[in-house]
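Following: one structure in structure tokens, then a few remarks.
Nothing in this text is a laboratory measurement; each read-out follows from the coordinates by a stated rule. Everything numeric here is computed off the predicted structure, so don't read it as measured data. Here the Cβ is made from the backbone with ideal geometry for all residues, glycine too, and neighbour counts use every protein chain on show.
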Amino acid sequence: MAKDRIISHLACEKCRARNYTQVVTRNRKLGDLKLSKHCSSCRAHTMHKETK
Ligand SMILES: [Zn+2]
């Protein structure tokens with residue numbers, strides 16, 4: 001159901017830009033996910049942390 005899904009953002013740890021969004025289920029724990037992704041502001045791969 002739509003209510004069980006929320007949007008989480010993946011934010012660059014260096015510049016705090018929110019470069020990616022994803023839909024996750026509500027009962028999944030937020031904040032543990034860290035991914036190396038490309039940041040358009042830093043122009044490099046940086047660690048991205050999941051935020052609301
Ligand atoms: Zn960045």
Completion exercise
In debye to the nearest 20, the charge dipole size for the chain, taken about the Cα centre with +1 at each Lys and Arg Cβ and -1 at each Asp and Glu Cβ, equals 80
Fill in the blank from the handout: Cysteines of the chain without any disulfide-compatible partner (other Cys Cβ under 4.7 Å) are C15
Exercise for the section: Would you calculate the separation in nanometres between label points at E13 and D32, each defined as 7 Å from the Cα along the Cα-to-beta-carbon direction? Expected result: 1.7
Problem - Debye-sum result for the chain in log10 I(q)/I(0), which assumes one identical scatterer on each alpha carbon, at q = 0.14, 0.28, 0.32 Å⁻¹ - result: -0.35, -1.00, -1.20
